[in-house]
């Protein structure tokens with residue numbers, strides 16, 4: 001009862017309720033919320049501390065940045081979700097908050113588009129600077145190619161490298177990306193190698209192409225750290241996965257290299273195991289860590305997941 005009362009008291013302030021509604025939609029940093037609410041950084045930080053202390057939201061520090069999201073567990077988390085469902089969202093103030101949030105998301109998407117366009121030719125090289133891609137690719141094949149794969153989807157396919165290495169093991173392969181420049185490179189590489197059973201499509205990771213049968217295997221190779229909303233990416237991937245399908249997430253472990261955020265549009269500086277496993281479990285997937293690869297400045301972690309109840 002005390003926890004519930006503390007939670008309700010925390011959202012008695014109108015600004016904190018606005019924050020709660022925004023964080024129910026996206027994981028946001030302090031700077032994001034100052035722009036949306038048009039309030040000072042100290043004031044926003046104070047409100048966030050009250051919400052965090054009440055258990056309504058969760059705080060994640062990544063390098064010099066701190067991200068917040070709606071709490072996922074506990075009595076206060078249930079209260080938070082209930083408040084979000086009950087809160088009035090037809091007000092002019094809320095509409096302006098959502099409009100500013102959309103502007104921030106669009107701005108980040110535009111920055112990522114510009115980066116991909118500028119670096120399309122050297123994308124594989126940039127990734128190889130952080131960890132040996134040969135090792136990562138071998139680990140992907142070992143994790144997924146234990147038996148033939150029917151329909152395969154690579155999200156954020158970039159130059160199509162994952163499609164290329166998985167082509168011998170899949171009946172049909174699809175790679176999606178929002179960069180036309182990347183897709184042009186991927187298409188050329190696949191055609192050059194005669195992989196006509198694999199194709200690439202212009203599509204957003206938040207709105208994936210649907211298949212009547214669903215996908216048997218899905219990969220997210222160095223994609224999640226670009227996502228404004230990693231949970232939604234996982235949720236969307238799970239929505240197009242067959243009942244007995246599997247998802248492989250390949251990304252960096254937590255690190256402090258701010259250059260990747262400032263110069264290469266990385267939204268996140270890696271992910272802790274508990275973060276990714278939480279994302280997976282929230283969509284009804286059973287996940288675990290299956291590999292860690294070192295050999296450069298950054299460590300690459302590979303997480304594997306299947307729908308709960310599916311055979312291993």
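Full extension from residue 171 to residue 78: what is 0.36 nm times the residue separation minus their Cα-Cα distance, to one decimal in nm?
So the chain would gain 29.1 nm between residue 171 and residue 78.
With all pairs of different alpha carbon atoms counted, what Kirkwood hydrodynamic radius in Å does the chain show?
About 20.6 Å for the chain.
Can you tell me what the convex hull of the Cα atoms of the range 2-87 projects to on average, as an area in nm²?
So the Cα hull casts an average projection of 5.1 nm².
What is the range 2-87's relative contact order, in percent, from Cα pairs under 8 angstrom and six or more apart in sequence?
36 percent
Take residue 272 and residue 52, extend 7 Å from each Cα along the Cα→Cβ direction, and tell me the distance between the two endpoints in nm.
1.2 nm
In the P(r) worked out for the range 122-307, what percent of Cα pairs fall beyond 20 Å?
The calculated P(r) of the range 122-307 puts 50 percent of pairs beyond 20 Å.
If you take the beta carbon distance between residue 180 and residue 207 as r and set R0 to 22 Å, what does 1/(1 + (r/R0)^6) give as a FRET efficiency, to the nearest 0.05?
My answer for the efficiency is 0.85.
Return 283, 259, 294, 34 ranked ascending by Cβ neighbour count within 10 Å, so the fewest neighbours appear first.
Lowest count first: 259, 294, 34, 283.
Does anyone have the angle between helix 180-192 and the longest principal axis of the chain? Alpha-carbon axes, 0 to 90°, nearest 10?
The helix 180-192 is inclined about 20 degrees to the chain.
Given a Förster radius of 25 Å and the C-beta distance between residue 299 and residue 146 as r, what FRET efficiency does 1/(1 + (r/R0)^6) yield to the nearest 0.05?
Efficiency at R0 = 25 Å is approximately 0.55.
Note the full-extension length gain between residue 98 and residue 66 as 0.36 nm times their separation in residues minus their Cα-Cα distance, in nm to one decimal.
Extra length from residue 98 to residue 66 when fully extended: 9.4 nm.
Each reported figure results from applying straightforward, stated rules to the coordinates on display, with no laboratory input. The structure presented is a predicted model; accordingly, all values stated were derived computationally and were not measured. Neighbour counts run over all protein chains shown; Cβ positions are idealised from the backbone, glycine included.
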